Each structure stands twice: as C-alpha cells, then as structure tokens.
1. Work out, in µm²/s and without decimals, the Stokes-Einstein translational diffusion coefficient of the chain at 10 °C, 1.306 mPa s, Rh from Kirkwood over C-alpha pairs.
2. Stretch residue 73-residue 27 to full length: gain in nm at 0.36 nm per residue minus the Cα-Cα span?
3. Taking 0.36 nm per residue of sequence separation and subtracting the Cα-Cα distance, how much length would be gained by fully extending the chain between residue 9 and residue 150, in nm to one decimal?
4. Please state the relative contact order of the range 63-135 as a whole percent: Cα pairs under 8 Å, 6+ residues apart?
5. Report the extension gain between residue 89 and residue 128 in nm, rounded to one decimal, defined as 0.36 nm multiplied by the number of residues separating them, less their alpha carbon distance.
6. Each label point is 7 Å from the Cα along the Cα-to-Cβ direction; what then is the distance between the points at residue 111 and residue 143, in nm?
7. Output the peptides 139-145, 20-26 sorted from most to least packed, where packing is the average of other Cβ atoms within 10 Å over each peptide's residues.
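Please treat every number below as a calculation from the coordinates, not as lab data. Because the structure is predicted, anything quoted here is derived from the model rather than measured. Note that each Cβ is placed from the backbone with ideal geometry, even for glycine, and that neighbours are counted across all protein chains shown.
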C-alpha cells in the first residue's frame, strides 16, 4: 500500500493538471491549469477568456488528470496517472479565502500571480474531488475516493 500511496502523492505534487469539461453542445473541451491543493479542495485561478473555463463556470463538474512526465516514465505505455471527477464552486473576490489563496499561488507558482491577481477575467475556482482512478502500471489501477484520494480498491475487471 505504501508504494501506491507514494505514487499518488508524487502526482498530487504536480503543479498543473489537465481539466476536461462538457461544452454547451455536449462536445468535450480540454484545458490545463496550475493549481494549489489546500484542505479538502484543489484551487485553480484561470481566465474565462479560455472556452473551457466558461464551460467550467456553467457546468459545475469536470474531470481532471494528473499525469507523470513522459521523460521520467519508465514505460510510456504504463505512465502513472490520476484521473478524478470534481464538483466546482467559484470563490468570489469578496470571499475571505481569496487573498490567502492568491498568496498560496505566489508561494507555489511564483510572482506571475502578483501580476494577474487583479485581472477581472480570472476566476478562483474550488474543485472538490469526488472519486477517480489511480494507475501506477500495468494491471495496477486503483479506485480512489474523496479529497484525500483514499485508495479503496484494486480494479481487476473492466
């Protein structure tokens, strides 16, 4: 179990993730976002000028993917990855958490956040993880649940 948890935690240490959302006509839309993980949520700060962000603001659900870098993967066919479903809420600029979250983005991602912090096209979104799948190799897929990505079972069948 320790090896599985370590693989999961390495993925959660990534600085960015892919975010997929369903568009207005049911079409898939994909984006990539930097994130900060605090308490039980994952926060992204991103612009509604990107189509996927407008869809995120409307749909309130998405699928996220954290993926091991190709360069560090021992086998490209069995890259470690964590795919999970989230519910989404916006954190308004008047919310007492907003400034603290911006500060966390500066700590984790650098000074660019100081520049974009007051851009009005940007939104702070709170993603609450629901469930997902952690893959750490061939025949090594695990169901995860909740904001701690608790490993609940080994997936042995399709």
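1. 97
2. 13.5 nm
3. Full-extension gain reported as 49.7 nm.
4. 41
5. Roughly 13.2 nm would be gained on extension.
6. It is 4.9 nm.
7. With the highest mean Cβ count within 10 Å placed first, the list reads 139-145, 20-26.
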